[in-house]
Amino acid sequence: MTQKKRGNIPGEMEGIIEIDEIIPPKFDWKGYIRRFNGVSTKVYTKKLRRKENKRYSDNPGLKIKMRQHVLLAIDTSASVSNDELIEFMNEMHHIYKCGTDITIIQCDTLIRSIVPYKGDKHLNVHGRGGTLFDPVLEYANENIKKYTSLVYFTDGECYASVKPKIPVLWVLSERSQLNDALPGKVIKLDL
């Protein structure tokens, strides 16, 4: 049996991870994201002619929709196996189905990719080198007005030295060891 270790080799590899079928989530994301983010939502308004304006009769009515924009980070270091990435993709799909806007950021020792997530069942994985959490935390601190929270999928095989300014949820794979030194809330995906 091999032990997981923190890698320190910069990675420039690329691969595709694809999930064949969506399995039920291992966690109640809808309730937890709502409690975790609290009132930190973005408000979108849309004018509707079908809805009558209660205050001004000649103007269109407004539809108000509250949405959360989550920065979802994926640890793409070599210590994270393809099975763990598939596990992360499945949970990420369930977070998306809860009605949140998601931006995926992939990081090993550097930020490799920042793309919006639209419910795809495949992911182009960039990286596969060592592990550093600080680049993602620094990016989240610089873009504090853009995102309501950070959800970081990882195996927990590293430490963070940057203090986050937004709420952070660390989601550890079921094969990983619990790391209490991470700043923010930590959960482990268990069956």
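The values are calculated or read from the model by the stated rules, or taken from the named source; none is laboratory data. Everything numeric in this text was worked out from a predicted model, so none of it was measured. Cβ coordinates were reconstructed from backbone atoms using ideal geometry, including for glycine residues, and neighbour counts include every protein chain displayed.
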Checking Thr45 against (1) under 19 Å from Gly184 (Cβ atoms); (2) at pLDDT 70 or above; (3) in contact with a strand residue (DSSP E or B) (Cβ under 8 Å, 6 or more places away or on another chain), only one condition comes out false. Which one?
(1)
Scanning region 104-121 for residues that are surrounded by 14 or more Cβ atoms within 10 Å (Cβ to Cβ) and either of a type outside the set (Val, Ile, Thr) or touching a residue at least 40 places away in the same chain (Cβ under 8 Å) (or both) gives Gln106, Cys107, Asp108, Thr109, Leu110, Arg112, Ser113, Tyr117, Asp120
Among Tyr139, Tyr117, Tyr96, the single one that is in contact with a helix residue (DSSP H, G or I) (Cβ under 8 Å, 6 or more places away or on another chain) and aromatic (Phe, Trp, Tyr) is Tyr117
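Only residues that are outside any strand (DSSP E or B), touching a Lys or Arg at 6+ places or on another chain (Cβ under 6 Å) and not polar (S, T, N, Q): list them for region 114-164, please.
Within region 114-164, the first condition is being outside any strand (DSSP E or B), and the residues that meet it are 118-121, 128-148, 155-164.
Adding the requirement that they be touching a Lys or Arg at 6+ places or on another chain (Cβ under 6 Å) leaves 131, 141, 144, 157-158.
Scanning region 114-164 gives Ile144, Glu157, Cys158.
Residue-wise test of (1) farther than 12 Å from Phe153 by Cβ; (2) crowded, with 20+ Cβ neighbours inside 10 Å.
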| site | (1), (2) |
| --- | --- |
| Lys54 | yes, no |
| Asp83 | yes, no |
| Phe88 | no, yes |
| Lys97 | yes, no |
| Ile102 | no, yes |
| Leu123 | no, yes |
| Gly127 | yes, yes |
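I need the full set of residues from region 145-186 which are among the aromatic types (Phe, Trp, Tyr) and over 25 Å from Asn82 (Cα atoms), in order please. First the steps, then the outcome.
Applying the first criterion (among the aromatic types (Phe, Trp, Tyr)) to region 145-186 yields 147, 152-153, 159, 170.
Once the filter is applied, which keeps residues that are among the aromatic types (Phe, Trp, Tyr) and over 25 Å from Asn82 (Cα atoms), region 145-186 yields only Tyr147.
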